[in-house]
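Note sheet for the following structure.
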Amino acid sequence: QVQLVQSGGGLVPPGGSLRPSCAASGSTTRFTSMGWYRQTQGKEREFVAQITPSGSRNYADSVKGRFTISRDSTKNTVYLQMNSLKPEDTAVYYCATGGRYPDWGQGTPVTVSS
């Protein structure tokens, strides 16, 4: 089992940037896909971005061109660089391992507001 600890959320004005991180411990995540998801109150958790062990990336249409997922295997950490943030990006963001039974981070709130 992998423990995922997130950090880096917060409050930012529209057009701003944030880079939440997701540090894994207990097992390496080098050989598994890692993803970011987000959830707002009353809605289902939705996919945001994924990075595979080979480095391939996939994004939700709503964040393409603005968000970038990356990983540092030496630190067992995954990042989500979020630029040009919009109010509709406000949510709790979660990282997760891939696979049928993913491990989840604790969630980090992101609020985009002036």
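Of all residue pairs spaced 6 or more apart or on separate chains, those with beta-carbon atoms under 7 Å, a first member in the stretch 94-106 that is surrounded by fewer than 18 Cβ atoms within 10 Å (Cβ to Cβ) and a second member that is in a loop (DSSP other than H, G, I, E, B) and of a type outside the set (Lys, Arg) are Gly98/Thr32; Gly98/Ser33; Gly99/Thr32. The number of residues in the stretch 68-94 that are of a type in the set (Asp, Glu) and closer than 14 Å to Met34 by Cβ comes to 1. Taken over the stretch 43-65, residues that are touching a residue at least 12 places away in the same chain (Cβ under 8 Å) and among the charged types (D, E, K, R) amount to 3. For the stretch 66-86, does any single residue satisfy the condition of being within 15 Å of Arg19 (Cα to Cα) and aromatic (Phe, Trp, Tyr)? Yes, because at least one residue in the stretch 66-86 is within 15 Å of Arg19 (Cα to Cα) and aromatic (Phe, Trp, Tyr).
Could you check the stretch 40-65 and list, in sequence order, the residues that are open to solvent by 40 Å² or more (accessible area, probe 1.4 Å) and at positive phi? Break it down into steps so the answer makes sense when it comes.
Let us first name the residues in the stretch 40-65 that are open to solvent by 40 Å² or more (accessible area, probe 1.4 Å), namely 40-47, 50, 53-54, 56-59, 61-62, 64-65.
Of everything in the stretch 40-65, those that are open to solvent by 40 Å² or more (accessible area, probe 1.4 Å) and at positive phi turn out to be Gly42, Gly65.
The residues listed here are Tyr94, Tyr101; of these, the one that is outside any loop (DSSP other than H, G, I, E, B) and of a type in the set (Ser, Thr, Tyr) is Tyr94. Applying a threshold of 6 Å to beta carbon distances and a minimum spacing of six or more residues, or different chains, the list of pairs starting in the stretch 31-42 at a residue that is closer than 18 Å to Lys75 by Cα and ending at one that is in a strand (DSSP E or B) and of a type in the set (Gly, Ala, Ser) reads Gly35/Ala96; Trp36/Ala49. Considering Ala91, Ala24, Ala60, which residue is closer than 22 Å to Gln1 by Cα and touching a strand residue (DSSP E or B) at 6+ places or on another chain (Cβ under 6 Å)? Result of the check over Ala91, Ala24, Ala60: Ala24.
Scanning the stretch 26-39 for residues that are of a type in the set (Phe, Trp, Tyr) and surrounded by 13 or more Cβ atoms within 10 Å (Cβ to Cβ) yields a total of 2. Residues that are open to solvent by 60 Å² or more (accessible area, probe 1.4 Å), free of Cβ contacts under 8 Å to residues at least 60 places away in the same chain and in a loop (DSSP other than H, G, I, E, B) within the stretch 66-84 comprise Thr74, Lys75, listed in sequence order.
The values are calculated or read from the model by the stated rules, or taken from the named source; none is laboratory data. From a predicted model like this one, the values you see are computed outputs, not experimental measurements. Ideal geometry is used to build each Cβ from the backbone, glycine not excepted, and the neighbour counts take in all protein chains shown. All accessible areas refer to the heavy atoms of the entire protein, side chains included, with ligands and DNA or RNA removed. Shrake-Rupley method; radii C 1.70, N 1.55, O 1.52, S 1.80 Å.
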